[in-house]
4 protein chains.
Amino acid sequence: MEAAGQIRDLEELKHRLRGFVAERDWAQFHSPKNLAMALSVEAAELTEIFQWLTETQSMELDAARRARVEAELADVLVYLVRIADRLEIDLLAATSRKLAENARKYPAERVRGQALKYDEYD
Amino acid sequence: MEAAGQIRDLEELKHRLRGFVAERDWAQFHSPKNLAMALSVEAAELTEIFQWLTETQSMELDAARRARVEAELADVLVYLVRIADRLEIDLLAATSRKLAENARKYPAERVRGQALKYDEYD
Amino acid sequence: MEAAGQIRDLEELKHRLRGFVAERDWAQFHSPKNLAMALSVEAAELTEIFQWLTETQSMELDAARRARVEAELADVLVYLVRIADRLEIDLLAATSRKLAENARKYPAERVRGQALKYDEYD
Amino acid sequence: MEAAGQIRDLEELKHRLRGFVAERDWAQFHSPKNLAMALSVEAAELTEIFQWLTETQSMELDAARRARVEAELADVLVYLVRIADRLEIDLLAATSRKLAENARKYPAERVRGQALKYDEYD
């Protein structure tokens, strides 16, 4: 049985998802390859909500769209945590390293106010 | 300046990203619409690593591929936290609600060992 | 009114779609940015059909899944033709150039039986 | 050897791709599942070009971005034709059926000037 209630952190979420998957015998489907596909599908379902909205409209969602966004963000996080668990990757450690790398690749004084890839700046 | 070092939780990550974006004056690009696009692109970069691998190979990554997976998972988490922050959504609360909903839609005794959408079961 | 019946080639499809969009006053939504998002969403809906199937199962679809695949392939083609039309790109000419480039980047004798990116070969 | 030169229609493209794949012994990688992943990755590479552009900017591409768009549209078409070939689906016939269905689901007088899903109209 899944523990009910509010999840406090990524570590608890990881364990809750392990239980959910084990009870359903779904680990057989959860190869990293399949989980990556599932994550990209959820990301697209998020994108779909915004595709015909202007950027301004995307900041001022009505209640129905906002609820859909919440559900899709949750789905993305679920698969993200599952892939990381399956491959024994520490998500926050990996993100810490990535932010350090991004800080090097995108020095504030160089990229301010521009949105290019790091190799597109003059 | 970004604080260096290991990020402890999603709340700290949210604040670190706010600082990163503010220093670069990038908030102007970070509409939910654009962030959703960026998240889906990162999800695809993750998928790309696995696309020609078998499921078994996807569980036994060499060091180079594993490092790429870590970087892409981090990128997905970064945009996920940014969208949630922009729309003032509590990611863990939304995920708690979604897991409760999934438990209702996919009762263990009914779906065990099958991977269908909830409306595809007999 | 849309002309009914079988579409013979990409040029006819382009014109049929122009009529469909004009009748609905949808050109205002069809910026290349939005059309690219819509295309990626349709690509994900295609992916979703396969995500929990093995590769072997993906080659032996039942009638219901096969019908869904046909519909999603059609949706992808529709948005592909719309983007190309919006930007005045000749799809078959662009593809001819890309195949020539691919032939240079992936010489048969060098890549035979391996699926790597062109910069990953020794 | 690939025939050089301009491709005239989807049928010729299908045969050119068959030859390209056979020469490289790549059919083993081209399950519909893997091809769908590859298509979604190419769709994301297209999306990436537009993600930080405004809708207006997406209509006025500079030469470098335009060349990238052309290449990504070609990649999408290549995988689309490959999946259809692998599953023996006639792309233009499937698209003809889909347009007829869209005409029913989105009657012009009902949806004019609005971009909602067919089940979201009052």
| field | Condition check for C:Ala100: without any contact (Cβ under 8 Å) to a residue 60 or more places away in the chain, closer than 27 Å to D:Asp25 by Cβ and part of a helix (DSSP H, G or I) | value | yes
| task | Could you run through region B:98-112 and say how many residues are facing chain A (nearest Cβ under 7 Å) and basic (Lys, Arg)? | result | 2
| request: For region D:53-97, name all the residues that are charged (D, E, K, R) and crowded, with 19+ Cβ neighbours inside 10 Å. | output: D:Glu70, D:Glu72, D:Asp75, D:Arg82, D:Asp85
| task | Kindly indicate whether any position in region B:1-10 is touching a Phe, Trp or Tyr at 6+ places or on another chain (Cβ under 9 Å) and within 21 Å of B:Leu87 (Cβ to Cβ). | result | no
| Number of the exception - D:Arg110 against (1) touching a Phe, Trp or Tyr at 6+ places or on another chain (Cβ under 7 Å); (2) at pLDDT below 95; (3) not small (Gly, Ala, Ser); (4) not in a helix (DSSP H, G or I) | (4)
| Tally time: how many residues in region B:113-122 are aliphatic (A, V, I, L, M) and at the interface with chain A (Cβ under 7 Å from one of its Cβ atoms)? | 1
| Just to be sure, is D:Gln114 of a type in the set (S, T, N, Q), surrounded by fewer than 22 Cβ atoms within 10 Å (Cβ to Cβ) and within 27 Å of C:Val69 (Cβ to Cβ)? | no
| said: For region C:13-30, which positions are within 23 Å of D:Leu92 (Cα to Cα) and in contact with a Phe, Trp or Tyr (Cβ under 7 Å, 6 or more places away or on another chain)? | reply: C:Arg24
| query | C:Ala4: at pLDDT 95 or above and of a type in the set (A, V, I, L, M), yes or no? | reply | no
| Across region A:4-42, what is the total count of residues that are of a type in the set (Lys, Arg) and loosely packed, with under 14 Cβ neighbours inside 10 Å? | 1
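The values are calculated or read from the model by the stated rules, or taken from the named source; none is laboratory data. Predicted, not measured: the structure shown is a model, and the values here were computed from it. Quick reminder, even Gly has a Cβ in these numbers, built from the backbone with ideal geometry, and neighbours come from all protein chains shown.
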